[in-house]
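J.: First, the structure itself, so that you have it in front of you.
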Amino acid sequence: MRLPIAALVMAASLSAAGHEDCHRLLNSGKRAEARTCYQQLTLTRDPYLRAEGLWGLVLYKDANDQFRLAVDQAPKNPDYRVRWGRLFLERFNPDDAGKLFTEALAIKENHPGALLGLALVASDGFDAKAVELAEKALAADPKLVEAQELLASLALEDANPAKAAEQAHKALKISPQALDALAILASVEILADRPGDQWLARIASLNPSYARGHALIAHHLVINRRYKEAVDFYRRAIAADPNFWEARSKLGINLLRLGQDQEASQQLQMAFENGYADLPTKNTLRLIDKFKEMVTFKTENTVVKFDPKEAQLLRLYFEEELKKAIATYEKKYKVKLAGPVQLEVYSNHDDFAVRTLGLPGVGILGVAFGDVVAMDSPSGRRPGAFHWASTLWHELSHVFVLSATRHRVPRWFTEGLAVHEETAASPDWGDRLTPDMILAVRDKKLLPVADLDRGFIRPSYPGQVPVSYFQAGRICDYIAGRWGFDKLLGMMHSFAQRATTAEVIEQHLGMKPDQFDKQFFAWLENDVGKIAGAFDEWRKRARALAELAKAGKHDEVIQEGTQVRDLFPEYVEAANAYEFIVEAHLAKGDKPKAVQVLEHYSKVGGRSPEMLKKLATLQQQLGKPTDAAATLNRLNYIYPVNDEDLHRRLGDLWFSQGNIHGAIREYQALVAMNPQDKATAHYNLARAFVAAKQNDKAKIHVLEALETAKGYRPALQLLLQLHDGNTQETPQQKRK
Amino acid sequence: MKIFLAMALFALCLPATVHYLTVSGLGGEPDYELRFTALAADLDKLLKASPGEVAVHTLSGKQATKAQLTSIMALIAGAAKNDDSLVVLLIGHGSFDGHDYKFNLVGPDISAVELAALCDRVSASRQLVVNMTSSSGAAIPALQKKGRAVITATKSGTEKNATVFARYWVDALRDPAADTDKNDVISALEAFHFAVKKTTGFYETQKRIATEHAMLEDVGDGDAVRDPSPQNGQGLLAGAFPVLRLGASHQAVLDPAKQKLLARKEQIEQGIDKLKYEKAAMPLEEYRKQLTTLLLELARIQEELDK
C-alpha cells in the first residue's frame, strides 16, 4: 500500500486521535479526509488502531489480522473483541461475531457494545431477543445512540411505526447526527405513503453520500413487500455511494424478485466482484445461472419456469391450475392483473430457499413477490410432504391481494386470506391442524389481531410462524363465515388506503380489536377447543396405539384406534391412527372397512401417496373404479412426479370410463416421464388420441411406440388401422 | 446392430436349457432374513413359471451354505451343455476387506474368486451373474469373463450399505413394462435398466443419498459401466441374454412354413434400424413417412405370421 507523503507526515505526529474521529469524518460525508484519517491509523504501533484503520480502508483481511494481534496482546480488553466482532458481522459472519460479543461479555458484564453486537446478530436473524438485547445495551449505556436507532428499526420491522418514530426521536436527542434515526423517520413516512422529504433532506445536509440511510429505507420497504419502491431506494443508495456494494447486492436480489433477471445479474456480479460475497449474493448468482437452464412456457397471462428434467410433466398440471386460479381470483377479488404471472418451480428446495433469503415470515414452500411467484416443485420435497396445488393457490392469492392493495397490506391479512383460500379451493387442501397449533390454542399463545404481524416477523417461540399462519387463516375463515367473503374484500381495500388493522376491524366489523379477539377466540375455542382439551390424552393414547399395532392386536387396534382418531381427526402425519386401523382391517381381510377408513383419511386431508395409492387399489378391487380414479387424481395435486404407475393407472381408468381428455393428460404425463416402458406409454397415448378423434396425433405416438419396439403387435395393428381408416379397437388392443 | 439382431434371434431360437441358481445369503437380522428369503422365493416362482427349458435351483435360509452352493453348481456343471445358459442370482449381504469380495452365507462365506471358479466349470457358453449384494462391485474383476455378463448392485466394494437393487430386479421380471422392445422376453439388459431406474427413483423419492450404483460388464475384460451402450461397448451380451420369457411367441420362429415371411420381417426390421440411425440427418416429416412405410409392411407381415 502506498500512502501520500502528507499522510506520512501527519502519521509521524499522530496524536491519540482514535478511530472515532475517522468515523465521524466518514459519517459527515468527508470521505477523502476520512480516508486519510484511516491511513494514519494504519501507521500507528497499536495493532487495534491499525485494525480500525485497515477496516476503514476496506482492507478486511489485514484488519482481521490486526484485531487478532490486538486481542492476543490484550486478552482482557472487551472493547477489542467487540470491534472485531463488528468486523465479522459486517463481513457476513454472524456466528464468529456472536462468539466475540459473548467473550466480551464474559470479560465485562453488561458491556454495552457487546450487548448491541448481540442485538445486531439477533436482528439479522429476525430473532425476538434483538429487542431485549438492544434495550439492555441502552440501559448499560443510555448514550449508545446505535442501540436506540436499532430499537427504532426493530419497532418498524414489527409494524409499529408510532413506536419506531418515538425511538428514532429519542436517538436524535442523544445525537442530532443520528443518520439511521433520520432514515427510520423517513421510512415511517414513506411506508405511510407520505413524502419523507423532510428527513431525507436532513440526511443529505449531514452527509450527502450516506448510502446506508437509503438502504435502510429500502430494507423496510422489502419487509413490507414493496419491492418496486425498495429497488428505487437501493438505486438512490448507489447514486449516493457507487461503492456501497451491499446496496448493489440487495438491488440485484430485489430486481430478481420483480423478474428483472438481467440487471439483477449485473448488479450482483458487480457486488460479488468487489468483495461483497455474502451468502445471498453468491447463492443468488448461482440461481441466476440455473435460470438459464430452466425451461420456460409462456401464454397470454402466464410465464412458467421449470427444471428441464420435469418441465414437460409438470407443465400439464401447473399451467392448467395456474390459469384456473387466475380466472377464479379475478372473479372473486374483482381484480384484473396488469400483466402475466411468472411462476418459478424449483425441483431443488435449496434453490427455492435462495429466493426467500433475508425475508422474515415467508412460507417455506412458496413465496409471492408481486407478479412473480416462486415455489417448491413436488419433487423438491418428500412424497406427501406438501400439496403443491394448495401452495400455488395460496401464492396466487397473494398476487391478487398485493396487486389490489399496491402491496399495502399487513402480513397477517394477506397470509390469512391466502390460507383461507387453500381450503376454499378444496376442503382437503391446505395445511392440517398440527400439534403446535393445538398447543398454541390450548396454552393461549395466540396473539391479538392488532399484533399478529409480530408472530410472522419476530417469532418469540419455535413454531410461532406456522401458528401465526394458522391463526390468520382462521381469522379470515371466521370473518368470511360470519360476515361473508365480501367483508374480507372490503377490508382489503381499506388496507390499501393505509388504514391500520385496528381501524379496519372497527370500520368493517364494527368493534374494537380486543372485542374482535374475544369473539374470535370464543369461536376458535368452539372449533378446536375439544381437540385442544384432549390433546395430552390423545398423545398418550396414540403412543400406546403404536405399541398395540406392533404387537399385532388387530381388534384392539381397531377399537382403540378409532377412539384415538376421533380425539384428533385432523392428525394425518406420521404414526396417525388411520394407518394403524387400516392395517388392522386388512390383516383381518376386511377390505371394505379399510376403504372406509382410508376414505376418511383422504377426506380430512391425508397426503401420504402410499396410503392414497392403497386406497385406490382397494377401491378398484371393490369395484369402485370412479372412486379409484378420483383418489389417484387427488394424488396428482400432491406428488405427480417419480410415479409412472400413478399416471398409467389413472390413464387406464379414465380411458375405460370414457374420460378421454383426462386419459390423454395422464398418458402425456407418462410419456413426459421418459418411462421404462416407452412403447406402451406412447401406444396408450395414441389410443387415447384415436378415441378423441385426433388421428394425426395418434399416428405420431404410434410411430413413437414402434420406434422403440418395432415388434409391438398392438401398436402395429393400430398403425394399420390408422392407415386403413378403421380405428375400431380389436379385443387384443382392448386388453392392452 | 446387425450382430445384435442375429444374437437376439439366436437367443429366441434356442431350444437349450437355462440353468438358474438363486441364493439368498445370510440376513444377519430377522428383517433382512425375511426380505432376502422372500425375494428368492419370488424369483423361484417366476423362473419356474417361465416357458421353455429351465432348471431352477434356489437356496435360502439354512440351506444357503457354501457347501450347498458348491454342490448345486457341481450339479449344474454336470448337466449343462455348451448351448445352455447359466444364470446365477445372489441376494443378501456382501463384504469387501479391501482385497477380497465375499458373499455372506450361513457358515463360511464364499469369495468372488471361488464363485468364478465354480462358474468356470459350467460349460454353458453364455452366463449371467447378478450379484445384488452390498459391496458387490468388488466382485466384478474376479467374475468377468468372455461370454459372461456380470451385473452388480454396487459400483465398488466400498458401497457397503444393504441394497434395494434386488427388490427391483425381481420387479423387473414380473412387470411386463420391463420388456421395453415388446418381444416377450425380458433380457438381462432390460432387467438391468428397469432395476437401475427404480433404484435411482427410490433414493430420489426418499431424499436419501444413493448408497448403491449398479454396474454391468459383459465384454469380459472391460470396465464395468452404469450406462451400457454401443458407445462404451457394454450391453451387447446382456441385451441378447433372455432372463425370462413372457410368452410363446418364439415358437413362430420354429415354424418352417413361415420362414420366408420371417426373413422378410428381419429385412424390414433391419431397414427400420438403419432408418433410425439416419433420423438426425433427415427432415422429421420425411423420416416419419419412411418409417410409416416400413412399419406398415411389418404390420402386414406380422398379421400373416399371427394367423
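J.: Kindly indicate whether any position in segment A:640-651 is hydrophobic (A, V, I, L, M, F, W, C), in a helix (DSSP H, G or I), under 23 Å from A:Pro714 (Cβ atoms) and modelled with pLDDT of 95 or more.
T.: yes
J.: Find the residue count for segment B:24-68, including only residues that are among the small types (Gly, Ala, Ser), in a loop (DSSP other than H, G, I, E, B) and under 28 Å from B:Ala124 (Cα atoms).
T.: Summing the residues that are among the small types (Gly, Ala, Ser), in a loop (DSSP other than H, G, I, E, B) and under 28 Å from B:Ala124 (Cα atoms) in segment B:24-68 gives 6.
J.: Let me ask something else about it. Quick test for you: out of A:Pro609, A:Pro640, pick the one residue that is buried (at least 23 other Cβ atoms within 10 Å of the Cβ) and not charged (D, E, K, R).
T.: From the options A:Pro609, A:Pro640, the qualifying one is A:Pro640.
J.: Has segment B:82-89 got any residue that is buried (at least 17 other Cβ atoms within 10 Å of the Cβ) and over 16 Å from the mean Cα position of the chain (by Cα)?
T.: no
J.: A further question on this structure: Might you check whether a residue that is within 14 Å of chain A (Cβ to nearest Cβ), aromatic (Phe, Trp, Tyr) and surrounded by 23 or more Cβ atoms within 10 Å (Cβ to Cβ) occurs anywhere in segment B:157-174?
T.: Checked segment B:157-174: at least one residue is within 14 Å of chain A (Cβ to nearest Cβ), aromatic (Phe, Trp, Tyr) and surrounded by 23 or more Cβ atoms within 10 Å (Cβ to Cβ).
J.: Consider segment A:153-180. How many of its residues are surrounded by fewer than 18 Cβ atoms within 10 Å (Cβ to Cβ) and in contact with a Gly (Cβ under 6 Å, 6 or more places away or on another chain)?
T.: So the count comes out to 0.
J.: Now, a different point. Would you point out the residue of segment B:46-62, among those that are surrounded by 15 or more Cβ atoms within 10 Å (Cβ to Cβ) and not small (Gly, Ala, Ser), that is farthest from B:Phe241 (Cα to Cα)?
T.: Only one residue fits best here, namely B:Leu59.
J.: Can you tell which of B:Gln234, B:Gln302 is of a type in the set (S, T, N, Q) and either within 10 Å of chain A (Cβ to nearest Cβ) or over 15 Å from the mean Cα position of the chain (by Cα) (or both)?
T.: So the residue among B:Gln234, B:Gln302 that is of a type in the set (S, T, N, Q) and either within 10 Å of chain A (Cβ to nearest Cβ) or over 15 Å from the mean Cα position of the chain (by Cα) (or both) is B:Gln302.
J.: Here's another thing I want to ask about it. Would you pick out the residues in segment B:153-182 that are part of a loop (DSSP other than H, G, I, E, B) and within 15 Å of the chain's Cα centre (by Cα)?
T.: The answer is B:Ala153, B:Asp175, B:Asp179, B:Thr180, B:Asp181.
J.: Looking at this structure, is B:Phe202 surrounded by 15 or more Cβ atoms within 10 Å (Cβ to Cβ), at pLDDT 95 or above and within 14 Å of another protein chain (Cβ to nearest Cβ)?
T.: No; evaluated as a whole, the condition is false for this residue.
J.: Give segment A:578-606 a look and list any residue that's part of a loop (DSSP other than H, G, I, E, B) and crowded, with 23+ Cβ neighbours inside 10 Å, or say none.
T.: A:Gly606
J.: Scan segment A:685-725 for residues that are among the charged types (D, E, K, R), closer than 23 Å to B:Glu269 by Cβ and more than 7 Å from every other protein chain (Cβ to nearest Cβ) and report the count.
T.: Residues that pass the stated criteria total 3.
J.: Being among the acidic types (Asp, Glu), surrounded by fewer than 22 Cβ atoms within 10 Å (Cβ to Cβ) and either more than 16 Å from A:Thr680 (Cα to Cα) or in contact (Cβ under 8 Å) with a residue 40 or more places away in the chain (or both) is the filter here; which residues of segment B:175-189 pass it?
T.: B:Asp184
J.: Here is a further query. Can you name the residue in segment A:378-417 that is among the small types (Gly, Ala, Ser) and within 14 Å of another protein chain (Cβ to nearest Cβ) and is also surrounded by the fewest Cβ atoms within 10 Å (Cβ to Cβ) among such residues?
T.: The residue in question is A:Ala385.
J.: So, of the residues in segment A:701-731 that are small (Gly, Ala, Ser) and within 49 Å of the chain's Cα centre (by Cα), which turns out to be farthest from B:Leu305 (Cα to Cα)?
T.: Taking the candidates together, the pick is A:Ala705.
J.: Further, regarding this structure: Take segment B:204-221 and flag every residue that is farther than 17 Å from B:Gly235 by Cβ and touching a residue at least 24 places away in the same chain (Cβ under 8 Å).
T.: Once the filter is applied, which keeps residues that are farther than 17 Å from B:Gly235 by Cβ and touching a residue at least 24 places away in the same chain (Cβ under 8 Å), segment B:204-221 yields B:Thr211, B:Glu212.
J.: Turning to a different aspect of this structure: Filter segment B:254-296 down to the residues that are within 9 Å of chain A (Cβ to nearest Cβ) and loosely packed, with under 11 Cβ neighbours inside 10 Å and list them by number.
T.: None; the set is empty.
J.: Any residue at all in segment A:63-80 that's within 23 Å of A:Pro208 (Cα to Cα) and out of contact with any helix residue (DSSP H, G or I) (no Cβ under 6 Å at 6 or more places or on another chain)?
T.: no
J.: How many residues are more than 21 Å from A:Ala499 (Cα to Cα), among the hydrophobic types (A, V, I, L, M, F, W, C) and in contact (Cβ under 8 Å) with a residue 24 or more places away in the chain if we restrict to segment A:155-197?
T.: 7
J.: Same structure, new question: So the check is Cβ under 7 Å with 6+ separation or different chains; which pairs have a first residue in segment A:470-492 that's among the acidic types (Asp, Glu) and a second one that's at pLDDT 95 or above and crowded, with 23+ Cβ neighbours inside 10 Å?
T.: A:Asp477/A:His420
J.: Ok, one more. Filter segment A:681-720 down to the residues that are at pLDDT 95 or above, among the polar types (S, T, N, Q) and part of a helix (DSSP H, G or I) and list them by number.
T.: A:Asn684, A:Asn695
J.: In segment A:534-577, how many residues are in a helix (DSSP H, G or I) and either touching a Gly at 6+ places or on another chain (Cβ under 6 Å) or of a type outside the set (Asp, Glu) (or both)?
T.: Number of matching residues: 24.
J.: If A:Glu132 satisfies every condition in (1) of a type outside the set (A, V, I, L, M, F, W, C); (2) without any contact (Cβ under 8 Å) to a residue 24 or more places away in the chain; (3) over 20 Å from A:Pro459 (Cα atoms); (4) in a helix (DSSP H, G or I) but one, which is the exception?
T.: (3)
J.: I've got another one for you. How about segment A:244-360: which strands (runs of 3 or more DSSP E) wholly inside it have at least 2 residues that are surrounded by fewer than 21 Cβ atoms within 10 Å (Cβ to Cβ)?
T.: Answer list for segment A:244-360: A:295-298, A:302-306.
J.: Among the residues of segment A:418-449, count how many are surrounded by fewer than 20 Cβ atoms within 10 Å (Cβ to Cβ) and aliphatic (A, V, I, L, M).
T.: 2
J.: Follow-up. Take segment A:654-680 and flag every residue that is surrounded by fewer than 24 Cβ atoms within 10 Å (Cβ to Cβ), within 14 Å of chain B (Cβ to nearest Cβ) and part of a helix (DSSP H, G or I).
T.: A:Val671, A:Lys678
J.: Can you tell which of B:Val196, B:Val219, B:Val243 is within 22 Å of the chain's Cα centre (by Cα), β-branched (Val, Ile, Thr) and assigned to a helix (DSSP H, G or I)?
T.: B:Val196
J.: Can you tell me which residues in segment A:139-180 are under 19 Å from A:Glu20 (Cα atoms) and in a helix (DSSP H, G or I)?
T.: A:Val145, A:Glu146, A:Ala147, A:Gln148, A:Glu149, A:Ala171, A:Leu172, A:Ile174, A:Leu179, A:Asp180
J.: What are the pairs with Cβ atoms under 9 angstrom where one residue, in segment B:136-157, is in the same structural domain as B:Val243 (by TED's automatic domain parsing) and under 20 Å from B:Glu190 (Cα atoms) and the other, located anywhere, is assigned to a helix (DSSP H, G or I) and of a type in the set (S, T, N, Q)? Sequence gap at least six, or different chains.
T.: If the second residue must be assigned to a helix (DSSP H, G or I) and of a type in the set (S, T, N, Q), the pairs left are B:Ile151/B:Ser136; B:Thr152/B:Ser136; B:Ala153/B:Ser136; B:Ala153/B:Thr199; B:Thr154/B:Ser136.
The values are calculated or read from the model by the stated rules, or taken from the named source; none is laboratory data. Computed from a predicted model, the values in this text were never measured in an experiment. We place every Cβ from the backbone using ideal geometry, glycine too, and count neighbours over all the protein chains shown.
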